[in-house]
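Trainee: The structure is given below, and queries will be raised subsequently.
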């Protein structure tokens, strides 16, 4: 599993491990001292969800049409227990925000004998994205959605994600 931590000008990939039953791949951003983007002040919940839908539609059609494509859920904030779980496994710098999370079994590790207790989902966290966006909200949301989709497809390293064009 991996975490993307976004600093001032670059991203770095760092490993994080979760239980094999529920693969959770977060997308993180460093927001210490960052200013909320201009668009963030004017975004209402419906507009944000429209941006997430737009980001989904920018995915290649062959990916969107896969029958087991996970649902995408917009949530205001990450649950406290998820933040605790991730932050206990990895040292977080002060001000780090969780922007998105894939929860489920990555596609390359799924089995027909596997019993699912919950559907695979991609979570997009509205609050952290609005707080960390530096003005181009569409680009940030698209990056989070594409990043989590890449992990669902089984790509775990930054190089693999870049090779996909995601």
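Trainee: Please identify the pairs in which a residue from region 94-111 that is at positive phi has its Cβ atom under 6 Å from the Cβ atom of a residue that is part of a helix (DSSP H, G or I), counting only partners at least 6 apart or on another chain.
Mentor: Taking only residues 6 or more apart or on different chains, not a single pair turns up.
Trainee: Cβ contacts < 6 Å: first residue in contact (Cβ under 8 Å) with a residue 40 or more places away in the chain and on the phi > 0 side of the Ramachandran plot, restricted to region 122-141; second residue in a helix (DSSP H, G or I) and surrounded by fewer than 24 Cβ atoms within 10 Å (Cβ to Cβ), any location; separation 6+ or different chain. Result?
Mentor: 135/38
Trainee: Let me ask you something else. In region 101-119, what residues are at pLDDT below 85 and either assigned to a helix (DSSP H, G or I) or over 15 Å from residue 69 (Cβ atoms) (or both)?
Mentor: Those that are at pLDDT below 85 and either assigned to a helix (DSSP H, G or I) or over 15 Å from residue 69 (Cβ atoms) (or both): 107, 108, 109, 111, 112, 113, 114, 115, 117, 118.
Trainee: Give me a count of the residues in region 93-103 that are surrounded by fewer than 21 Cβ atoms within 10 Å (Cβ to Cβ) and under 22 Å from residue 145 (Cα atoms). Steps first, please.
Mentor: Just the residues of region 93-103 that are surrounded by fewer than 21 Cβ atoms within 10 Å (Cβ to Cβ), to begin with: 93-95.
Add one more test, that the residue is under 22 Å from residue 145 (Cα atoms), and what stays is 95.
Going through region 93-103 one residue at a time, the tally reaches 1.
Trainee: Whether any residue in region 120-139 is crowded, with 18+ Cβ neighbours inside 10 Å, at pLDDT below 90 and part of a loop (DSSP other than H, G, I, E, B) is what I want to check.
Mentor: yes
The values are calculated or read from the model by the stated rules, or taken from the named source; none is laboratory data. What you are looking at is a predicted structure, and each value in this text was computed from that prediction instead of being measured. Glycine also receives a Cβ, built like all others from the backbone with ideal geometry; neighbour counts cover every protein chain displayed.
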